[in-house]
Amino acid sequence: MKFARILRLCLFVACVAVRAATPSEAPAALEPIRGLNLIGDGGGDADSFLVTDGERTLHLRLYLVDAPETSAADPTLARRVREQTRYFGLPSPADTLAFGRTAARRTRELLARPFTAHTAGTRGLGRSAEPRVYAFVTTADGADLGEILVREGLARAHGVGRTNPAGVTQEEQRARLNDLELAAGLARRGIWSASDPEKLAAARAEERRDTAELAAVSAAAKTLPTTASGAPGAPTPINLNTASAAELDTLPGIGPALAKRIIAARPFADVDALASVSGIGPAALARLRPLVTAP
């Protein structure tokens, strides 16, 4: 019962935070790409994989869901694995990686037959050699891949979203995925079978403290004098596509509410795209331009 209460509370807070933001939908229309097949084993995680339609190669990244990583080969991936370990309340990062590989195998099973992707070509974040594009993926049986992974406890409701091919808003999709995640947790399916309810709340609190500490370090760096060369002494621009809400809040004129709107509008192709966020006019954009980046 304690596990169920903790899980309900965490999902409720996450859902409220998402709904408080004002999302920015990608203007481009979703285009269907049918008859896709994985290239080899997909070469990635359950939510990110290489595909082909026989003529071109695409690296797809699922909208709205996040599965555990399958590797921690560099510091960025290691930090991500640590964050996922804390989110799911798992005993160790090794458990997170093991479940990541289980989830990746499940994706390969579900996409063993030709499938369909709907994408607008929006670039996804990541360190892969091939640029990733966000997509909704439908299996040969007509099921949504992201929903299956969350329902089976192999992924969480998390990440960039937009209105889906059926016209369902990202807010409604997130609400449904949060419900599926809650049901998976209560049933102890997939990753949740190894989750420690006593550890989960404390681990998530630790992640929030670490995030706040990094934001404080970043804010302190901004007080350093700028050199003519922009080398040592110049503040490091904040990455709009990866910064936490706490980090964005350190920027001049950006409060908690505006930080949430910036996060909801991701990804940004360049710094000028900030102008599409409600509350950022020409003057604010000019003030922020030297302090942020959007690689």
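Taken together, the residues in region 61-83 that are within 18 Å of S195 (Cβ to Cβ), without any contact (Cβ under 8 Å) to a residue 40 or more places away in the chain and touching a Lys or Arg at 6+ places or on another chain (Cβ under 8 Å) amount to 1.
Give the residues of region 233-264 that are assigned to a loop (DSSP other than H, G, I, E, B), over 21 Å from T76 (Cβ atoms) and under 16 Å from the mean Cα position of the chain (by Cα), sorted by residue number. Correct list: empty. Among the residues that make up region 44-63, is at least one of them of a type outside the set (D, E, K, R), modelled with pLDDT under 90 and over 26 Å from R189 (Cα atoms)? No; the residues of region 44-63 include none that is of a type outside the set (D, E, K, R), modelled with pLDDT under 90 and over 26 Å from R189 (Cα atoms). Going by what's in this entry, would A215 be described as surrounded by 11 or more Cβ atoms within 10 Å (Cβ to Cβ), at pLDDT 80 or above and not hydroxyl-bearing (S, T, Y)? No.
All conditions but one from (1) part of a helix (DSSP H, G or I); (2) over 15 Å from the mean Cα position of the chain (by Cα); (3) surrounded by fewer than 22 Cβ atoms within 10 Å (Cβ to Cβ) apply to H59; the one that does not is (1).
Please count how many residues of region 80-103 are among the small types (G, A, S), touching a Pro at 6+ places or on another chain (Cβ under 9 Å) and in a helix (DSSP H, G or I). Residues that pass the stated criteria total 3. With respect to (1) on the phi > 0 side of the Ramachandran plot; (2) touching a helix residue (DSSP H, G or I) at 6+ places or on another chain (Cβ under 6 Å), the lone exception for R188 is condition (2). A count restricted to region 253-289 and to residues that are in contact (Cβ under 8 Å) with a residue 12 or more places away in the chain and either within 20 Å of T122 (Cβ to Cβ) or buried (at least 18 other Cβ atoms within 10 Å of the Cβ) (or both) stands at 24.
Candidates S195, S229: the one that is polar (S, T, N, Q), at pLDDT 80 or above and more than 30 Å from S276 (Cα to Cα) is S195.
Count of region 138-163 residues, restricted to those that are farther than 18 Å from A265 by Cβ, in a loop (DSSP other than H, G, I, E, B) and in contact (Cβ under 8 Å) with a residue 60 or more places away in the chain, is 2.
The values are calculated or read from the model by the stated rules, or taken from the named source; none is laboratory data. Predicted model, so just to flag it, every value in this text is computed and none were measured. Every residue, glycine as well, gets a Cβ built from its backbone with ideal geometry; the counts of neighbours run over all protein chains shown.
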